[in-house]
Amino acid sequence: MYEFEYRKPASLDQAVAMLDEDAKILAGGQSLLPTMKMRLASPGALVDLAAIPGLSGITVAGNTVEIGAMTRHAEVAASKEVAEAIPALADLAGKIGDRQVRNRGTIGGSLANNDPAADYPAAVLGLGATVHTNKRAIAADDFFQGLFETALGEDEIITKVSFPLPEAAAYEKFVQPASRFALVGVFVARTGSGVRVAVTGAGPGVFRATALETALGGSFTPAALDNVEIAADGLNNDLHGSAEYRAHLVTVLAKRAVAAAR
């Protein structure tokens, strides 16, 4: 490590005031701290959100599940309320990383980082969730903007995420065994406004698979995807798997998700 300033605000307003060009927000630290150790990031200050009240917790009310930005993955995975309201969301949280990561990582940190192989972006986009910040509410379709890029402004901090309850949903993931990230992950949700299919790990960022959505809109069954092919163009191609392999996995995992959806 190298020398940096540690800042611990007691409120959101203080946190925003402590942000500057040389500062980074610290949530769970599961992405930021390793990149600092490898000298891939070198902020002059860390603004720790841990002491700010009201940023963690789970609320289920009506047709919405609200999760505070500082809520740990393990808390979501173990929540009976989440498991009853959106089983696929609790299942996804339980598949993130390993036990150590799940007990430190936060939903807000994961979304703000927007790793192209992260799990939570698939749930947020697949369920059509809303990301709330200290300034505004951002629809999932507008939030993710490419490789490690989001719609967040420099003075915006995620405060919570609200998930609408689907009619049925499931998440299937093909794990990269070393990192536990998704080589490909597919979140399928049948909602009152139609079917949504979000894919992580396959491309430079999470994306919706519209061809799969169209097919499942006609029949929400695995068989509906038998003749649907995902184009390999633009998908990741590396030592872990070719673009063609990832394209094939998208359809395979989507079928499994539909079969498991509840």
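Scanning region 21-41 for residues that are exposed (fewer than 12 other Cβ atoms within 10 Å of the Cβ) and in contact with an Asp or Glu (Cβ under 9 Å, 6 or more places away or on another chain) returns 21, 22. Pairs meeting the criteria (first residue in region 148-177 and closer than 18 Å to residue 56 by Cα, second residue of a type in the set (D, E, K, R), beta carbons under 8 Å, at least 6 apart or on different chains) are 156/135; 156/136; 160/66; 161/66; 162/66; 163/66.
Residues in region 199-235 that are in contact with a Lys or Arg (Cβ under 6 Å, 6 or more places away or on another chain) and closer than 12 Å to residue 184 by Cβ: 202, 235.
Exactly one residue among 230, 158 is touching a Gly at 6+ places or on another chain (Cβ under 6 Å) and either more than 19 Å from residue 88 (Cα to Cα) or not assigned by TED's automatic domain parsing to the domain that holds residue 89 (or both), and that residue is 158.
A quick yes/no check of all residues on (1) touching a residue at least 40 places away in the same chain (Cβ under 8 Å); (2) on the phi > 0 side of the Ramachandran plot; (3) not in a loop (DSSP other than H, G, I, E, B); (4) not β-branched (Val, Ile, Thr):
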residue	(1), (2), (3), (4)
214	no, no, yes, no
230	no, no, no, no
234	no, yes, no, yes
245	no, no, yes, yes
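Restricting attention to region 1-19, the residues that are loosely packed, with under 13 Cβ neighbours inside 10 Å and of a type outside the set (Gly, Ala, Ser) total 6.
Restricting attention to region 177-199, the residues that are in a loop (DSSP other than H, G, I, E, B) and closer than 20 Å to residue 90 by Cα add up to 2. Of the residues making up region 171-191, just one is crowded, with 24+ Cβ neighbours inside 10 Å and either modelled with pLDDT under 95 or basic (Lys, Arg) (or both), namely 173.
The values are calculated or read from the model by the stated rules, or taken from the named source; none is laboratory data. Computed from a predicted structure; not experimentally measured. Cβ: placed from backbone, ideal geometry, glycine included. Neighbour counts: every protein chain shown.
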